[in-house]
1. What number of residues within the range 8-49 satisfy the criterion of being touching a Lys or Arg at 6+ places or on another chain (Cβ under 8 Å), in a strand (DSSP E or B) and within 18 Å of VAL98 (Cβ to Cβ)?
2. How many residues does the range 17-28 contain that are buried (at least 18 other Cβ atoms within 10 Å of the Cβ) and either of a type in the set (A, V, I, L, M) or more than 21 Å from GLN109 (Cβ to Cβ) (or both)?
3. Using the structure shown, decide if GLU197 is of a type in the set (Asp, Glu) and either surrounded by 19 or more Cβ atoms within 10 Å (Cβ to Cβ) or at pLDDT 90 or above (or both).
4. Going through ALA108, ALA83 one at a time, which residue ends up being under 16 Å from the mean Cα position of the chain (by Cα), surrounded by fewer than 17 Cβ atoms within 10 Å (Cβ to Cβ) and not basic (Lys, Arg)?
5. Go through the range 70-100 residue by residue and tally those that are over 21 Å from ASP10 (Cα atoms) and in a strand (DSSP E or B).
6. So is LEU162 modelled with pLDDT under 85, surrounded by 15 or more Cβ atoms within 10 Å (Cβ to Cβ) and not in a loop (DSSP other than H, G, I, E, B) or not?
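The values are calculated or read from the model by the stated rules, or taken from the named source; none is laboratory data. Model, not experiment: these values are computed from the prediction. Ideal geometry is used to build each Cβ from the backbone, glycine not excepted, and the neighbour counts take in all protein chains shown.
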Amino acid sequence: MIKVLIAEDDFRIAAIHESYIQKLQGFLVVEKAKSAKDMWDALQKEKVDLILLDVYMPDELGTNLLPLLRERYPEIDVIIITAATETMLLRDALHYGVVHYLIKPVTAQKFAQVLTEYKEKKDLINSKDEVNQTIIDLFFGHMHEEQKEDRDLPTGINSLTLDKVKKLMASEENGITAEELGEKMGASRTTARRYVEYLVTTGECRAELAYGIIGRPERRYYPAKGQMES
């Protein structure tokens, strides 16, 4: 679970961004801060993985906070969300390693795209003991190759997560339910079902009805022989 701090002085915008996050799997808003002081106070109380940082805070420019953030909390990632369009601010933000820079107003679609891509990159790095150039190119190239592949996939299916599901399913010779798959993916049962049902339609998985202890039938999914990655 990625724990998020929203540093935004406008409570209405903060509430909108919080509502966007609540619709995303794998994210949790742990605190909201209306000022730089509130942000520092929150960081002392809460473990935070990601800060959504406004530039125009009432007591300090958000970009001026970045050097101290890097010094005190180097493990925390930052996404700037601001109405500021000055190139100098963007340059400062990039210098201190922000992972993205969004210009207000941010649509729900753009917000979800950026945070989902951020989580996918984080999951990709965390899942590897070593990296190769392909992984590095994906990470620094904003996953353009995946995005190109995604255009050929149904809505709600992205190539990176699909690849993860394929690899998980490859070892499930005894079958797995959508709920069990979701636990292994770190996703909801609904998300897991969406992906594995897609693989059923492509012939890369098969589904069978099985009866549980209380007699309710449930779909159990198996890799199709010769189709899944080993």
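1. Selection size over the range 8-49: 1.
2. Residues flagged as buried (at least 18 other Cβ atoms within 10 Å of the Cβ) and either of a type in the set (A, V, I, L, M) or more than 21 Å from GLN109 (Cβ to Cβ) (or both) within the range 17-28 amount to 1.
3. Yes; evaluated as a whole, the condition is true for this residue.
4. Testing whether each residue is under 16 Å from the mean Cα position of the chain (by Cα), surrounded by fewer than 17 Cβ atoms within 10 Å (Cβ to Cβ) and not basic (Lys, Arg) leaves just ALA108.
5. 1
6. no
Yes or no, residue by residue, for (1) free of Cβ contacts under 8 Å to residues at least 12 places away in the same chain; (2) crowded, with 18+ Cβ neighbours inside 10 Å; (3) more than 24 Å from LYS119 (Cβ to Cβ); (4) among the hydrophobic types (A, V, I, L, M, F, W, C):
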residue: PHE11; (1), (2), (3), (4): no, no, yes, yes
residue: GLU46; (1), (2), (3), (4): no, no, no, no
residue: LEU53; (1), (2), (3), (4): no, yes, no, yes
residue: PRO74; (1), (2), (3), (4): yes, no, no, no
residue: MET88; (1), (2), (3), (4): yes, no, yes, yes
residue: ALA93; (1), (2), (3), (4): no, yes, no, yes
